[in-house]
Amino acid sequence: MGLGDIKYEDIIAATEEFRCLGRDNFLQTYGFGRAKSYELVLDGFRYDSKAIAGVAHGHATGDFLSSGDFSGGAATVARRLRELGFVVETGEISQNRAALLERLRKLKVSRGPGNPAPSRHQPLSLLWAISREVDERPRMTPWPEFRGEVGPLLVEFGLPNAKATPEYPFWHLRGSRLWEVQGIPTELAKDMPKVSILDAHHPQAGFKEEAAGLLRDPVTRLDAIATTCETYLEDVDRQALFERIGLDGYTTAGSLLNLSEEESSSADVDEYGRATGPAPRRDATRAVIVRDEALARKVKELEGDRCQICGTALRYLNRPYSEAAHIRGLGRPHHGPDELQNLLCLCANCHVLFDGLEIYVDPDGLVRGTRSSREPRPLRRDPRHPMDEAHLGYHRKLCNANARGPAVG
């Protein structure tokens, strides 16, 4: 029996066991060391590829492989995992991810005369480009489209009294080594081309293929957004910026719905403002994520339908009422997994606060407020309720991306 016996569902079962036990316990239980070269990447989390394959083989055949049973080495394991449709990365890619974030922290931004604050042109342009990755739009953008979309953005969120010059980030972002410009003849590319040249040749610009590939990972993408905001846009209203730029999915950890005035409608009213008939209705079609209701019931059962944050036990129609809240939201742009390790049992009030990024869980397990001097209190947790710190870390990073001022813990 070899790696060919392993199926997709066996790998999934092994990764679930990995998260339930925790990395160190999982590796110790099955006799593996930490991966030195290849890691399986799934839903933003990283797994030791050989250990996962060995345990997956046990799920498939009953024969759990040990570290010494892989005659072909880690490369053979990686090949089989990729055949099954999984992403396997090497240590080099991890280094590239770290390099991407470091380059974002060290953009060569200009500073205007008499204004010590760094220009926001490059950071805003990069966030705009990241929003294109979220929407799965082409990574390269023609100059007229870049100018038309980024120019107004620089006016709205650039430094006060700063001139909006989209041609500068379009060209000078090349200095970040994350960006490229195509379509300018070599003889005209020695210095920054004039706008007339950009208008005449219609060049395109965008993230390099390697950077764009890294930003397709939801966890790396959030790291990039938070890093850019924390480094250059501390005083900017992040939520207003995200909504304007097309990153509004990052203003909440869940799927809170806010109907705009244009989308909502009112009943007919009389001269005194009182409704004269039933509330109006309108047809609507929307796609919804199918959740595992058994998991929702499980987390409520484990926590006794009592909120893990405030301890409230609600009743509705003479029955216990609680809500299963995902720590890292399902669907775009967070793409969190629907698993017990990604669930909290909360009351309706704390659910709204958690999804709205008003509260978070710090690395010590204390619930804190992001915008107030809320008294910290420990997160209640039944010993039988596994929880993945990576999900909680993602939520904290999301709070950081939206914060104005010092980062959360």
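Only the coordinates and a few stated rules stand behind these numbers; no lab work does. Since we're looking at a predicted model, the values are computed, not measured. Backbone-built Cβ (ideal geometry, glycine too); neighbour counts: all protein chains shown.
For the reader, a short list of remarks on this structure follows.
- In order through region 361-371: 3J(HN,Hα) via Karplus (6.51 cos²θ - 1.76 cosθ + 1.60), integer Hz, x for Gly, Pro: 9, 7, x, 8, x, 9, 8, 10, x, 8, 10
- Region 176-192 - phi-based ³J(HN,Hα) in whole Hz, Karplus 6.51/-1.76/1.60, Gly and Pro as x: 6, 6, 10, 10, 9, 10, 10, x, 9, x, 4, 5, 9, 9, 5, 10, 4
- Long-range HN-HN contacts of T141 with modeled amide H, under 5 Å: A205, G206
- Translational D in µm²/s for region 293-402 (Stokes-Einstein at 25 °C, 0.890 mPa s, Kirkwood Rh from C-alpha pairs): 175
- GNM flexibility winner over the chain from E209, E375, E39 (Cα, springs under 10 Å): E375
- For the chain, a Gaussian network of Cα nodes joined below 10 Å ranks S125, S176, S66 by mean-square fluctuation, and the top entry is S66.
- Packing-based exposure ordering (other Cβ within 10 Å, fewest first) of Y47, Y316: Y316, Y47
- Of F170, A117, I309, farthest towards positive along the dipole that unit charges on Lys, Arg, Asp, Glu beta carbons give the chain: A117
- Computed across region 3-85, the Kirkwood hydrodynamic radius from all distinct Cα-Cα pairs reaches 12.3 Å.
- Rg and Dmax over the alpha-carbon atoms of region 311-373 stand at 13.0, 37 Å.
- Local charge for D382 was computed over the other residues whose Cβ lies under 13 Å away, with Lys and Arg +1 and Asp and Glu -1, and equals +3.
- Selection from T370, P383, Y394, by position along the positive dipole direction of region 303-409 (Cβ): T370
- Listed by number, the DSSP H helices of the chain that run 24 Å or longer by alpha-carbon position along their axis and have mean Kyte hydropathy of at least 1.0 come to an empty list.
- Inter-site label distance for D235 and R332 at 7 Å from Cα along Cβ, in nm: 3.5
- When T141, T61 are sorted by how many other C-beta atoms sit within 10 angstrom of their C-beta, beginning with the fewest, the order is T61, T141.
- Extended-chain gain in nm, criterion 0.36 nm per residue less alpha-carbon gap, R105 and D191: 28.5 nm
- Calculated FRET value between L314 and E156, using beta carbons and R₀ = 35 Å, to 0.05: 0.25
- Amide H contacts under 5 Å for V87, placed H, 5+ residues apart: V41
- Where labels lie 7 Å past Cα in the beta-carbon direction, separation of Q28 and R404 in nm: 4.7
- The chain: calculated mean residue ellipticity at 222 nm from DSSP helix runs of at least 4, using -39500 (n - 2.57): -12000 deg cm²/dmol
- Under a Gaussian network description of the chain, with springs only between Cα atoms under 10 Å, the residue in L127, L241, L42 that fluctuates furthest is L42.
- Dipole axis of region 134-227 (+1 Lys, Arg; -1 Asp, Glu on Cβ), positive-most option in L153, I184, L215: I184
- Once the gyration tensor of the Cα atoms in the chain is diagonalised, the equivalent ellipsoid follows with semi-axes of 39, 34, 20 Å, ordered largest first.
- Residue separation of E293 and Q182 scaled by 0.36 nm, minus their Cα-Cα distance, works out to 35.0 nm of gained length.
- Long-range amide H partners of T312 with built H, under 5 Å: C307
- Using the Cβ of F32 as centre and a radius below 9 Å, the other residues enclosed give a net charge of +1, where K and R count +1 and D and E count -1.
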